[in-house]
1. Scan region 85-129 for residues that are hydrophobic (A, V, I, L, M, F, W, C), in a helix (DSSP H, G or I) and within 21 Å of Y16 (Cα to Cα) and report the count.
2. Give the residues of region 68-109 that are over 21 Å from R52 (Cβ atoms) and surrounded by 20 or more Cβ atoms within 10 Å (Cβ to Cβ), sorted by residue number.
3. Y132 passes all but one of (1) in a helix (DSSP H, G or I); (2) under 20 Å from R28 (Cβ atoms); (3) of a type in the set (F, W, Y); which number fails?
4. Kindly indicate which of E41, E135 is surrounded by fewer than 21 Cβ atoms within 10 Å (Cβ to Cβ), within 16 Å of the chain's Cα centre (by Cα) and not hydrophobic (A, V, I, L, M, F, W, C).
5. Consider A65 carefully, then state whether it is under 12 Å from the mean Cα position of the chain (by Cα), surrounded by 15 or more Cβ atoms within 10 Å (Cβ to Cβ) and not in a helix (DSSP H, G or I).
6. Residues being under 24 Å from S104 (Cα atoms) and assigned to a strand (DSSP E or B): count how many of those fall in region 25-60.
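What follows is calculated from the coordinates using simple rules that are stated; it is not laboratory data. As the structure is a computational prediction, the values presented were derived from the model and not from experiment. Positions of Cβ are generated from backbone atoms using ideal geometry, with glycine treated the same way; all protein chains shown enter the neighbour counts.
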Amino acid sequence: MGNESENTTDRQQSIYSATLLDHFRNPRNYGGLPSPDIAYEEFNPLCGDRIRIELKISDKRIAAARFVGDGCAISIAAASLLTESVLGSDIDQGEVISGEELVSSLKSDIKPSRMKCALLPLEAFRSCVKIYKRERPSR
């Protein structure tokens, strides 16, 4: 049984970059916010990944970004990297990070069949932005 675990770890290290594995094993900004201004959860019915992004907004800037969820190494790492990259951003500026930038930040060869995993946190974040803009139209 121990060899199976070691083989899985070896296989993960050959498939995933050190960056992806670090953010999966030690996710940044994991856990809910006490009272988020906006929260949105995305679910991937194909694999069962579920990621909820929670944001705190202050003066139209993202003051806090956290996530909770269950998912594969790719979706957890992507959520961790995403929440780090959007902190301090102006929520009204449009696209804070593109899908290409998020996938690139994983520093791994993400296969087309796993792209939904990598982009699931971004979809939840974009929904948060849409909700914010709908509830607080710019003047």
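1. To start, the set of residues in region 85-129 that are hydrophobic (A, V, I, L, M, F, W, C) comprises 86-87, 91, 96-97, 102-103, 106, 110, 115, 117-120, 122, 124-125, 128-129.
Imposing the further condition that a residue be in a helix (DSSP H, G or I) reduces the set to 86, 91, 102-103, 115, 117-120, 122, 124-125, 128-129.
If we keep only those that are within 21 Å of Y16 (Cα to Cα) as well, we get 102-103, 115, 117-120, 122.
Number satisfying all stated conditions: 8.
2. S108
3. It fails just one condition, (2).
4. Working: E135 fails: within 16 Å of the chain's Cα centre (by Cα).
The match here is E41.
5. On the way: under 12 Å from the mean Cα position of the chain (by Cα): yes; surrounded by 15 or more Cβ atoms within 10 Å (Cβ to Cβ): yes; not in a helix (DSSP H, G or I): yes.
Judged against the criteria, A65 is a match.
6. Adding up the residues that qualify gives 11.
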